[in-house]
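The values are calculated or read from the model by the stated rules, or taken from the named source; none is laboratory data. These numbers were taken from a predicted model, which means no experiment stands behind them. Ideal geometry is used to build each Cβ from the backbone, glycine not excepted, and the neighbour counts take in all protein chains shown. Areas reflect the complete protein model, heavy atoms only, side chains present, ligands, DNA and RNA absent. Shrake-Rupley method; radii C 1.70, N 1.55, O 1.52, S 1.80 Å.
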Amino acid sequence: MTLRVGVIGAGMIGQEHTRRLTTVVTGAEVVAITDLTADRAERIAAETGARAYASGAEVIAGPDVDAVLVTSWGPTHAEYVLAAIAAGKPVFCEKPLATAAADCLRILEAEIAHGGRLVQIGFMRRYDAGYRRLKELVDADGIGTPLMVHCAHRNPTVPVSYTSEMAMLDTAIHEVDVLRWLLGEEIVSAQVLTPRPTGRRFEHLQDPQIMLFATSGGVRIDVEVFVNCQYGYDIRCEIVGETGAARLPDPARPAVRHDGRESTAIVSDWRDRFGDAFDTEIQAWVDAAAAGTATGPTAWDGYAATAVGDATVEALKTQEIVAVDLEARPAFYPGAQQ
Ligand code: NAP
């Protein structure tokens, strides 16, 4: 069976996933596309052989649409995910699941009422080969019980529209998800330290930031977010356990010896760094959606990330340690480590 996909939001990542669904993964075709900018939807639809629709609601209702991919602006995600669940259609939702925790809880209720998984969240790091090896090692007790994690998330630059809150909500949200998964524990509190800001930033922005998290089991995590580091896109993660330490490998690049020096290229953006992970993620979604279900990061994972995000933004504003307000996990959803 070929999974017929409807795409809501044909912006940057919507176009990337449309290309991926059309030319990279197997078993899917894009049949419907909508975007707030109708011309854009029509152009991408014409290039893809899909039909352009005037609204997300029409895409979800489309009789030839088997599954829905939501890549619109974050605040619109909840409405489309709820509509897809109501239609009984599998839905891939780029992060965030919703910008408000209350909307995430409505989605959990709707999916539980449906009686089976339909929602997959776009936390693609879980599909990155390096993170997967790290998880296998931790799960096999290769470094003993994890005690501390040191992370960095560095981007060369960000546009003027990037705000201090986005350091958590758009950037560190990936660390939050992948660390919950790696450690198999929920994050229970957040604190944000604000070092001397770099001079190479827009005036409104606090950059860098150091986020300190504690997990339910007492693991302490520090995440440096530095989005104007200038030199490249650099993702670092080291887990320190009772008997050893393990570091996320850098992407494989040749070590070049030239002109009296040895050097290794650093990737410049997230598409380059996580391209393979996105491909694997979308293939996994297509395979599960074709069977009428979903796999990978759940709506619960989306809710937990939003709840940690809320606490971290509050911590940035107040400069205090803020507890994460997380409801009890329904038995329907597996724990953080699944
Ligand atoms: P973008 O380039 O601004 O694209 C969003 C698109 O959605 C725009 O074309 C926008 O149209 C359209 N749109 C907004 N509201 C809509 C609605 N109600 N119905 C239909 N279309 C709508 O943003 P992006 O960078 O692609 O990001 C999209 C989502 O993906 C965000 O939630 C973002 O966090 C997520 N994302 C995830 C990753 C990842 O690493 N997993 C990476 C990048 C982005 P207009 O331009 O006309 O407003």
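Across the stretch 119-146, which residue is farthest from Leu212 (Cα to Cα) among those that are in a strand (DSSP E or B) and open to solvent by less than 10 Å² (accessible area, probe 1.4 Å)? Top of the filtered list is Val119.
Return the only residue of Arg273, Arg253, Arg236 being under 17 Å from Gly122 (Cα atoms) and of a type outside the set (Ser, Thr, Tyr). If you could, list the steps in order and put the result at the bottom.
Details: Arg253 fails: under 17 Å from Gly122 (Cα atoms); Arg236 fails: under 17 Å from Gly122 (Cα atoms).
From the options Arg273, Arg253, Arg236, the qualifying one is Arg273.
Quick check on this structure: which one of Val149, Val160 is away from the ligand (no atom under 12 Å from the Cβ), modelled with pLDDT of 95 or more and either under 23 Å from Gly241 (Cα atoms) or buried (at least 23 other Cβ atoms within 10 Å of the Cβ) (or both)?
Going through Val149, Val160 in turn, just one is away from the ligand (no atom under 12 Å from the Cβ), modelled with pLDDT of 95 or more and either under 23 Å from Gly241 (Cα atoms) or buried (at least 23 other Cβ atoms within 10 Å of the Cβ) (or both): Val149.
Check every one of the helices (runs of 4 or more DSSP H) wholly within the stretch 1-117 and list those with 2 or more residues that are open to solvent by 30 Å² or more (accessible area, probe 1.4 Å) and within 13 Å of the ligand (Cβ to nearest atom).
Working: elements: 12-23, 38-48, 56-61, 77-86, 101-114.
Those helices (runs of 4 or more DSSP H) span 12-23, 38-48, 56-61, 77-86.
Annotation note: Cβ proximity below 6 Å between a residue of the stretch 100-122 that is under 14 Å from Pro334 (Cα atoms) and a residue that is of a type outside the set (A, V, I, L, M, F, W, C) and buried (at least 20 other Cβ atoms within 10 Å of the Cβ) (sequence gap 6+ or interchain) occurs for Val119/Glu111; Gln120/Gly296. Do you know which of the residues in the stretch 257-284 that are open to solvent by less than 20 Å² (accessible area, probe 1.4 Å) and of a type in the set (Gly, Ala, Ser) is nearest to Val178 (Cα to Cα)? Per the criteria, the residue is Ala277.
Would you say Met211 is buried (at least 19 other Cβ atoms within 10 Å of the Cβ) and touching a strand residue (DSSP E or B) at 6+ places or on another chain (Cβ under 6 Å)?
Numbers: buried (at least 19 other Cβ atoms within 10 Å of the Cβ): yes; touching a strand residue (DSSP E or B) at 6+ places or on another chain (Cβ under 6 Å): yes.
Yes: the conditions hold for Met211.
Of the residues examined, Ala331 is not one that is within 18 Å of Val178 (Cα to Cα) and either at pLDDT 95 or above or under 14 Å from the mean Cα position of the chain (by Cα) (or both). When you go through (1) open to solvent by 40 Å² or more (accessible area, probe 1.4 Å); (2) in a helix (DSSP H, G or I); (3) not small (Gly, Ala, Ser) one by one for Arg180, which number turns out not to apply? Every condition holds for Arg180 apart from (1). Comparison of Thr243, Thr280 shows that the only residue that is in a loop (DSSP other than H, G, I, E, B) and modelled with pLDDT of 95 or more is Thr243. Scanning the stretch 224-253 for residues that are under 24 Å from His204 (Cα atoms) and open to solvent by less than 40 Å² (accessible area, probe 1.4 Å) turns up Val225, Val227, Asn228, Cys229, Gly232, Tyr233, Asp234.
Rundown of residues vs (1) without any contact (Cβ under 8 Å) to a residue 24 or more places away in the chain; (2) of a type in the set (A, V, I, L, M), yes/no style:
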residue: Cys229; (1), (2): no, no
residue: Gly244; (1), (2): no, no
residue: Pro249; (1), (2): no, no
residue: Val256; (1), (2): yes, yes
residue: Ile266; (1), (2): no, yes
